[in-house]
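Presented below is the structure to which this report refers.
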Amino acid sequence: MKIIYPLFLFFISFNIQSQTLKFSEEFQKQKVFENVYDGESAFADVDGDNDLDLIITGSRKEHFDLAATLYINDGKGSFTEVNKTPFVGVEHSTIDFVDVDNDGDQDVFISGSMYGRRANGESYSEAIAKLYFNDGKGNFTLQENSPFKGICFGVVEFADLDGDGSQDVIISGITNRLASSNSRESTKIYMNDGSGIFTEKVNLNISVSQVSAIRIKDVDINGTEDILICTHKFEVPTQLFFNDGNANFTLASGTKFPSLYQGAMFLEDIDGDNAPDAIIIGSIGNSMSNTAVHEVWINDRNGNFEKKFDLPIDVTWGIEVAFDDIDLDSDLDILVTGLSETDKPTTNLYLNDGWGKFTRLENLPFKNYHGGDVCIEDFDGDFKKDVFFTGLTNFTKSTNPVTRLYRNLSDISVKPGIIKNDFGEGLKVYPNPTLGEFTIDLSRVYGLIEITITDLQGRLITFDKFHESQVLNLEISEPAGVYFVGIEGGDKRAMVRVAVN
């Protein structure tokens, strides 16, 4: 999942002991979801009704029985399978929802390995990469004659690489599972003309094979999207490429990221300075039994990274990670699935204390998963983060995949109001709830006030600065929901939940 999460780590989070997270499998009574593994899941509002719909890919029980299934949400977390979609069942797959033609709806890009049988009964495998256009109502049409080279075991990342307002894409993976290792690897960038027509970028100086993760963020804060690439090859370190603004990339020198055998890597703002830091998870050496790494590297806002601390994660490989503010205290928590050093399937949720210290939450109802996917989203519109899993719960058995959707029943307040306040009793925020416009009264004039507004997913909505101000008039021009409003002035800070009706 591709998510931008600014962190407000200067706020102390709720005490873990005083706030109990509670999840229920009551969604599973629907029994609508296919049980899959070796696949991907992705959520987006495909039909324009302001709730999250779902696509699942993967193997049902054996490699010739593959899924690519669309489910429509009724807004309350009840899903209905859509029949007769154009999607092709795949495993070892990627799913990316993105508006490639700038028409305001979510198109979808799916890659992976499909299987079929020829007329003579002979089976075959083919890597695919297909783009489907959305009509805005959740009806998808395959783009014919696309330039994309099919991949499986791949990584796909969309971003505006040349600053023209359209979503370009970098695609890396295996193009032919039966070919030699030297001839089956592919890493390509395709540029979007703004209407969803893509052209392969020539003279690409990014030559990396066996890619396990690609993350695109502006790491040097110059307004252009840079690329960080992690590989499965333990002798190849994680590499950073700087963008000149025209999608021309230069390998950064002097980076000290570790070389990983099995690697997962993420770019998230851990220290609250609005610059993406790096989280690197995997093992060092030439096998999965070597030393595990769970490191956080802090960015100095110039794209220079330094290791600062380790995360208390006990997963070494087959890693799937979801970052989200699951306890709604305005910092990022971490949900991890995968295999431990002893090949034991593992699922753990780690809560952030607001300062980058993570504590594992015990006694949760989740099964231990690997070989699948994990997502954190609000499926039923109650503003609380629910959890979705696919995968296997036994290391040695691949015939019984499990798909589970857990509803968040925690007693977490999502009511509007002030969460944290250093400004004193004079701080007023009104009206709250609001139709969009609201006012902050600080009770006295401050030389510089910085306002940051995000949604509950951590997506940055607004960042503004006000000089010599006491009364601030603001507006949230977003769909109805609850938003975090961060206020900072000198050494004083506050966090407010604002509800938009």
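The values are calculated or read from the model by the stated rules, or taken from the named source; none is laboratory data. The model shown is predicted, which means the values in this text are computed figures rather than measured ones. Virtual Cβ from ideal backbone geometry, glycine too; neighbours counted across all protein chains shown. Quick note on the areas: whole protein, heavy atoms, side chains included, nothing else; ligands and nucleic acids left out. Shrake-Rupley method; radii C 1.70, N 1.55, O 1.52, S 1.80 Å.
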Could you please let me know if residue 173 is open to solvent by less than 10 Å² (accessible area, probe 1.4 Å) and modelled with pLDDT of 95 or more? no
Strands (runs of 3 or more DSSP E) wholly in the range 20-90 with at least 1 residues that are in contact with a Pro (Cβ under 9 Å, 6 or more places away or on another chain), more than 15 Å from residue 140 (Cβ to Cβ) and not basic (Lys, Arg) - which ones? 53-59
Kindly evaluate residue 372 against the criterion of being within 25 Å of the chain's Cα centre (by Cα) and in a loop (DSSP other than H, G, I, E, B). no
Run down 205, 222 and say which single residue is modelled with pLDDT of 90 or more, open to solvent by 60 Å² or more (accessible area, probe 1.4 Å) and farther than 17 Å from residue 167 by Cα. 222
Please go through the range 43-69 and give me each residue that is out of contact with any Asp or Glu (no Cβ under 7 Å at 6 or more places or on another chain) and not acidic (Asp, Glu), ordered by number. 50, 54, 55, 61, 64, 68
I'd like the full set of residues that are without any contact (Cβ under 8 Å) to a residue 60 or more places away in the chain and under 19 Å from residue 433 (Cα atoms), limited to the range 456-474. 461, 462, 471, 472, 473, 474
Within the range 406-415, can one find any residue that is touching a Gly at 6+ places or on another chain (Cβ under 8 Å) and of a type outside the set (Phe, Trp, Tyr)? yes
Which of (1) at pLDDT 90 or above; (2) assigned to a strand (DSSP E or B) is the odd one out, the single condition residue 309 does not satisfy? (1)
Touching a residue at least 40 places away in the same chain (Cβ under 8 Å), open to solvent by 10 Å² or more (accessible area, probe 1.4 Å) and in contact with a Leu (Cβ under 6 Å, 6 or more places away or on another chain): is that true of residue 146 in this structure? yes
For residue 90, are the conditions met, namely being open to solvent by less than 10 Å² (accessible area, probe 1.4 Å), more than 27 Å from residue 407 (Cα to Cα) and touching a residue at least 12 places away in the same chain (Cβ under 8 Å)? yes
Between 477, 410, which is in contact (Cβ under 8 Å) with a residue 24 or more places away in the chain, out of contact with any strand residue (DSSP E or B) (no Cβ under 6 Å at 6 or more places or on another chain), open to solvent by less than 60 Å² (accessible area, probe 1.4 Å) and within 30 Å of residue 387 (Cα to Cα)? 410
Right, residue 430: over 26 Å from residue 323 (Cβ atoms) and in contact (Cβ under 8 Å) with a residue 12 or more places away in the chain or not? no
Would you be able to tell me the number of residues in the range 121-143 that are in a strand (DSSP E or B) and under 16 Å from residue 55 (Cβ atoms)? 10
Those residues of the range 362-384 which are buried (at least 21 other Cβ atoms within 10 Å of the Cβ) and free of Cβ contacts under 8 Å to residues at least 60 places away in the same chain amount to 369, 370, 374, 376, 384
Residue that is modelled with the lowest pLDDT, among those in the range 480-501 that are within 31 Å of the chain's Cα centre (by Cα) and open to solvent by 60 Å² or more (accessible area, probe 1.4 Å): 493
With the condition kept exactly as written, say whether any residue in the range 264-277 is buried (at least 22 other Cβ atoms within 10 Å of the Cβ), more than 21 Å from residue 371 (Cβ to Cβ), modelled with pLDDT of 85 or more and of a type in the set (Phe, Trp, Tyr). no
If you take the residues in the range 335-350 that are modelled with pLDDT under 90 and open to solvent by less than 10 Å² (accessible area, probe 1.4 Å), which one is farthest from the chain's Cα centre (by Cα)? 339
Per the filter on the range 67-82, residues of a type in the set (Gly, Ala, Ser) and loosely packed, with under 15 Cβ neighbours inside 10 Å are 75
Does residue 89 satisfy being farther than 20 Å from residue 37 by Cα and under 25 Å from the mean Cα position of the chain (by Cα)? no
Looking at the range 435-456, can you tell me whether even one residue there is out of contact with any strand residue (DSSP E or B) (no Cβ under 9 Å at 6 or more places or on another chain), open to solvent by 60 Å² or more (accessible area, probe 1.4 Å) and among the basic types (Lys, Arg)? no
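For every residue, the table says whether it meets (1) surrounded by fewer than 19 Cβ atoms within 10 Å (Cβ to Cβ); (2) at pLDDT below 95; (3) in contact with a Cys (Cβ under 8 Å, 6 or more places away or on another chain).
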| site | (1), (2), (3) |
| --- | --- |
| 65 | yes, yes, no |
| 84 | yes, yes, no |
| 100 | no, no, no |
| 135 | yes, no, no |
| 167 | no, no, no |
